[in-house]
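Encoded as structure tokens, the structure appears first; notes follow it.
The values are calculated or read from the model by the stated rules, or taken from the named source; none is laboratory data. Note that the structure is predicted; figures quoted are calculated from it, not measured. Methodologically, a virtual Cβ is constructed for each residue, glycine included, from the backbone with ideal geometry; neighbour enumeration extends over all protein chains shown. What goes into the accessible areas is simple: the full protein's heavy atoms, side chains included, and nothing from ligands, DNA or RNA. Shrake-Rupley method; radii C 1.70, N 1.55, O 1.52, S 1.80 Å.
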Amino acid sequence: MTHEIAVIPGDGIGQEVTPAAVEVLEAIETVDFEFVEGDAGDAVEAETGTALPDATADLAADADATLFGAAGETAADVILPLRQVVGSFANVRPAVAYPALDAVQPHTDLVFIRENTEGVYKGIESEITDGVTTCTRVITEDASEKIAEFGFDYARQNGFDDVTIAHKANVMRQTDGLFLETAEEVGAERDAEYDTALMDALAMHLVMNPEDYGVVICPNLAGDMLSDLAAGLVGGLGLLPSANVGEENALFEPVHGSAPDIAGEGVANPSAMILSAAMLLDHLGYDEEGDRVRDAVETVLEAGPRTPDLGGDGTTEEVTAAILDAL
Ligand code: ATP
Ligand code: MG
């Protein structure tokens, strides 16, 4: 069986790390892939006036899964519609500290399950009058239930004892009140153990005692911010993969963006993108192959070469070649 994968490198270092992940998938001899490439992002917008051409959106809709690199200024015009195209309601963001690296918190093993369709990401903003603006935050029972069910299932399937529901229901009583109440109902229905945490206090606790936490179920923006915080705990954005999961389709992308400060220099860390490809393998049912890729990345984190973000002087190509060797 051949799996069709849409490949959308996008802008900046997306152009450098996405081919690395494709090379890794091509090296998995037990799985057949067919890659179809599409354009999106700043460069396409400059050329055609649209950041996400219909042809690219169609590729993602029709493929078995999508690998996406990054988009620059146009990120919101690309990734938000792409998440819709694949029907993604859950954003899965693991943050794991590798023993080989000098992580700020070496005992971190967290997975953020971020609601992926609503909250402030609905983009309902307006300027009421000069100097006065608003943003409407949408929280629905349906989406809250779906993300909570996904989070509790994920915890059970992946052997996590700790589930935390992040919220700010003491201030946003209606919206986060509904999120919290709905998620707690799901936990109770499943007879699952869980804690609830105010997201601001949780940010502090995650910095000081990440080992006390496992799966963290979050509203959209909180999940974005807390997972970047966790990236800092384990060694930086160059290491964090993510999955945007829908009922039938899914899109895999690094947590980092287009990193314009280092784009074009050939020194971006390809690990986050390659680990995203490992999540793609898991998603298609090739858990063993996913583990092989994660092991290869870990081997190279230990033995080197490393890119400058991890204190080395290796290039994207050298690190990718070493990961392919380790495979
Ligand atoms: P965008 O607007 O596309 O999100 P950004 O300026 O927020 O871009 P990020 O890509 O989120 O940039 O990166 C933030 C910082 O982390 C930058 O200094 C960047 O160089 C660094 N960084 C991100 N990804 C990587 C990577 N894969 N390898 C090395 N450094 C990275
Ligand atoms: Mg960014």
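Key figures
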| item | result |
| --- | --- |
| The stretch 181-327: relative contact order in percent, alpha carbon pairs under 8 Å with at least 6 residues between | 16 percent |
| Volume of the Cα convex hull of the stretch 96-145, divided per residue and given in Å³ | 136 Å³ |
| Average accessible surface area per residue within the stretch 1-135, 1.4 Å rolling probe, Å² | 45 Å² |
| Listed residues 90, 241, 178: farthest to the positive end of the dipole of the chain (Cβ charges) | 178 |
| Considering only the chain, percent of DSSP beta bridges that pair antiparallel, nearest 5 | 50 percent |
| Within the stretch 156-286: Cβ-based charge dipole about Cα centre, in debye rounded to nearest 20 (Lys, Arg +1; Asp, Glu -1) | 280 debye |
| Relative contact order of the chain, pairs being alpha-carbon contacts under 8 Å that are 6 or more residues apart, as % | 22 percent |
| Ellipticity estimate at 222 nm from DSSP helix runs (n ≥ 4, -39,500 (n - 2.57)) divided over the chain, nearest 500 | -13500 deg cm²/dmol |
| Per residue, in Å², the accessible surface of the stretch 157-266 once ligands and nucleic acids are set aside, probe 1.4 Å | 45 Å² |
| Debye intensity ratio in log₁₀ form over the Cα atoms of the chain, taken at each q of 0.10, 0.11, 0.14, 0.15 Å⁻¹ | -0.56, -0.69, -1.13, -1.28 |
| Percent accessible area from carbon and sulfur atoms, the chain, protein chains only, probe 1.4 Å | 47 percent |
| Environment charge at residue 263 (Cβ cut-off 9 Å; Lys +1, Arg +1, Asp -1, Glu -1) | -4 |
